[in-house]
Every structure is written in C-alpha cells, then in structure tokens.
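As structure tokens, the structure follows; a few thoughts come after it.
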Amino acid sequence: LAQARRCDLSDVAAPMPALHGSPPGLGVGARMPEERPPTMDSPPATAESGVFHQSRVAAWPTASRHSEESEAAKRTQKLLQLGRLAIDRLPERGSNAYMGCTWRSAITGEIKMTYAEGWPDFQLVDIWKRDWIEGTLQEFLDDRYLFLPIPLIYRTWLYHGLVHDRKVTSSGGSEHAMVLTALEESCIDVPLTAGRWSPLICYAPMAFVLCFTGDMVVTLMGIGMFLLLYFLTVQFNTPALYRYLRVACVVPRLFFVGFVVTRISWQSTLSLLASILAFGIMGIDVFYGDLEVLRCQKFLCHYELLKALPNRVFICRRHGGASIGDNFGSHGRVHESITGLGTWSSHLILIADINGILAELRPLTTQDVLDMYDEQSSDTDKLFPWCYVGLDVYGMKRPDFSTFDCSYKDLVEKVEGFERQLPMDSMLRPRGQGEPRPQLSRSCTPEAWKQPLPPKLRPPQGRPKITPDVIETNL
C-alpha cells in the first residue's frame, strides 16, 4: 500500500477518456476498487495491476471514533430534551449587602469573604423578572437572559476598598462613580496567583536555615530581613500599593543576597550546605514570584463603560488582556436584544454589580447545563440547592433593549408584538397562580435570611478630603 501511494496514475497508464459512469478524471488505467475493502492478508496492490485501494484498514479506527462521537452527541441531545431543572430565586437583599465582606491576605495575596452563618449560595444570574424557573435543559440553554456569574475577585476588593476609604471620585456626575472607578483600575481578573504573594513566605524559612551556618551576623541579618519584609508586606496591603510590593523589596533582597555571599564559609560543610539551601529558597522566590509577575502582565486589563443597563448591569469594553480568551475560555456571545449592539466581539464583556460583588456574566453553555443537571440529580437530600439571583433588568413590560428609549405608543406595540411571538409554554411567561412551585430548600427560604449579617464597614472617622476638581457622590 505504501508503494502504491507513491505511484501516480500518470505513471501507470496514459490519460484516457473517462469511462461511462466512472468519476470524472478516472481513466481506463485506474479501475474502480472492488466491492470488498482490502484485508490484512490480501496481496499489496502493484502498479502493473492498475488497482489502487486506499488504506481503509487505517481509516476504520477513525470511523469508529466518529461513530462514538455521534452516539455521544445523540445522547447529549436526548438528555437536553428530557432532563429538567427547577431553580428558585433567592430573596431580595440590599443592594450593598455584600459590601465590605472582602479582605486580602497580606501574606498569600488571596481574596476571601466573610459569610454569616446560613448565608445561601447562588450559581446563576437572571436578568429577566420572574420568581422561579423550571424547564428542560434545552430551554435553560436557549434562555438568553440566564448567565453564569464569574466573580472578579480582585476587582471586587478594589471596589470595596474605594468605599471603605471613602474615596470621592469624579465621573461626570454618574450615579455609578464608584463602580466606574473600580473598573478603570488595571488589575488581573483571571484566577492566578500572578506572583502577588509576599516574599515573606520564602524568607521566613530561609531565616531559620541561616541559623545552621554558625555565623551569628548572618543569622541576625536574616531575622532583620524577615522583620523588614513583614513591615513592607503589611504596609503595601492596600488597593493602591499591593502591585508594587515586590518592586519595593528588590533593593533589600539584593543587598541581603550580596551580604550572604560575602559571608560564606568554605571550611564547614554544614555551613556550606545551609548557604546553598538558602540560595535555593531565594531562587524559588525569584522564579515563582518576580518572574511570575512579569509573565502574568499579559493578563493585566481594565474596562471602559459603553452602556449602563438598569439595576447596575454594565456593558464594557476590555482594554488589555488579549490572551485571556485563549487561556481561560471565551466570554460567550450575548444576544443583541440585551445589549443593543449588532456585533459582540471578544473584547466586549457584561459585568454586573450583584449586591456589592462585581462579576462577569457569561451565557450558559451545554457543559454548564449538564453540570447543573448532574449536581441536582446527585443531591437527593437538597443539601446544596441551585439558586439564582434576579436582577430584573428586563421583563414582560421591557422585553429588550429597544424599549428603553422609545415613546409610550411604540413601547405598547413592541410589548404586544413580543407577547404574540412568545410561545405559551415559554419560561419567560409569568407563572400562573395554580402552577406548582419548586420545593424550596432551607437555605433558599426567607427564614434562613433572618440571621445576622456579617459586620458592616466600620464607621468612618472625620470628613473625607475634598479637592476642587472632584465631586461628592451619595453612597
């Protein structure tokens, strides 16, 4: 077969007119293959015979894979048509219910939130006004108003820091001045450490290792370096300075490395091994800290506000972070009836302020819906129910973006036209009074929300500093 592939039809026989019923371009010199494909024990085709069978034996595994993929696609499509989900809406909480619940660890650089006991979790965001959702998986997938929230953790911490410090911003008198300021800050929103942890993690064990050198001066310098890094780590743990911690630590670390090099003792084996181990720890700090900061600069980005939808939902354009989509998946495509934009490019993003948490809203994918179904099917005791947060941007009285800036007559015509085109069994239609409601779990009931909230922001001391070029915003 390999020899036959290297042959050319023009070398076997002269080109002749195609036979009646044969494919175009196939002459007498090349006959059609037999009905049965070649087997492993069949003799190889030769140039004299003029018969050239393609290697169907090698193609059979590929056909088998295609068949398996086709069967899997059919099973998935059947599951989307038959599987059902029932998700309830969380009770309303204040617009700033989560404000001030984030804090950043100065050592690890992780952003964490303080929850009150019984604080329910939510997995979806619905911008259509309704009380609960129930339907097939395909209906969930086709619902353009359901989104998967991706929290912008660091940007939320920056947002809370602005409110905590009572920063007075000037954004053209906009009611969303604080959010706009947080979106305009350059930040890495992808789930990476990005070298934002403190060098103290490496220099704390290194100070212990230097004790084995037997040099009291080096040991005291290691302890002093530890205390200096701790002071810088605490002082730079603010939204304005956290990005410059490693830059501020470069000079002290270089001075310390040079000092340790001059104090290396070549007479003691233990001292030499301790020095080598200390330099290894310094190398880990440089490789996974400083170099990681440089490698992750490609994910640094900020956002420009294009449109503000009701209830603090924003259509933004991302500047920077061109490789975010290639490394962390696509943002999806938001329907034009929601955004009012004819095209949705890769640098456009939908961001919502969910009770004080900034989150990216991504349309649901097939995998998201299947994961939801698997979790609900396995959770028979309803310990971890799927709930959603309703933002009520659109509804039966405002079905799309074109109804925001139109006359009352046009609004009535658009609403009536939308109701006529909407199927009777659509999930967007209001549920009747007699229809059964999904069974609420304990964490979704209003009783679970009567427990005390986490501590609010501490009362500000004094008045904020106001300069002539800024305006006050009513928080």
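The values are calculated or read from the model by the stated rules, or taken from the named source; none is laboratory data. Every value quoted in this text rests on a predicted model; they were computed, and no experiment measured them. Positions of Cβ are generated from backbone atoms using ideal geometry, with glycine treated the same way; all protein chains shown enter the neighbour counts. Surface areas here come from the heavy atoms of the whole protein model, side chains and all, with no ligands, DNA or RNA. Shrake-Rupley method; radii C 1.70, N 1.55, O 1.52, S 1.80 Å.
Below, the figures for the structure above:
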quantity: FRET efficiency estimate (nearest 0.05) - Cβ-Cβ, Ser323 to Ile264, R0 45 angstrom; calculated: 0.60
quantity: Cα-based shape type of region 285-385, given that a ≥ b ≥ c are square roots of the gyration tensor eigenvalues and the cut on a/c is 1.5; calculated: oblate
quantity: Positive-pole candidate from Phe236, Ser186, Ile276, dipole of region 166-317, charges at beta carbon; calculated: Ser186
quantity: Cα gyration tensor category, rounded, prolate or oblate, for region 210-252 with a/c compared to 1.5; calculated: prolate
quantity: Spin-label pair Glu413/Val217, simplified geometry with 7 Å Cα→Cβ offset, distance in nm; calculated: 9.0
quantity: Hull shadow area, averaged, region 185-316 [alpha-carbon convex hull, nm²]; calculated: 9.5
quantity: Distance in nm between pseudo-label sites at Phe231 and Phe208 (7 Å out along the Cβ direction from Cα); calculated: 2.4
quantity: Region 134-236: relative contact order in percent, alpha carbon pairs under 8 Å with at least 6 residues between; calculated: 20
quantity: Shape of region 147-226, Cα gyration tensor, a/c cut at 1.5; calculated: prolate
quantity: Region 250-326, accessible surface, carbon-and-sulfur percent (1.4 angstrom probe); calculated: 69
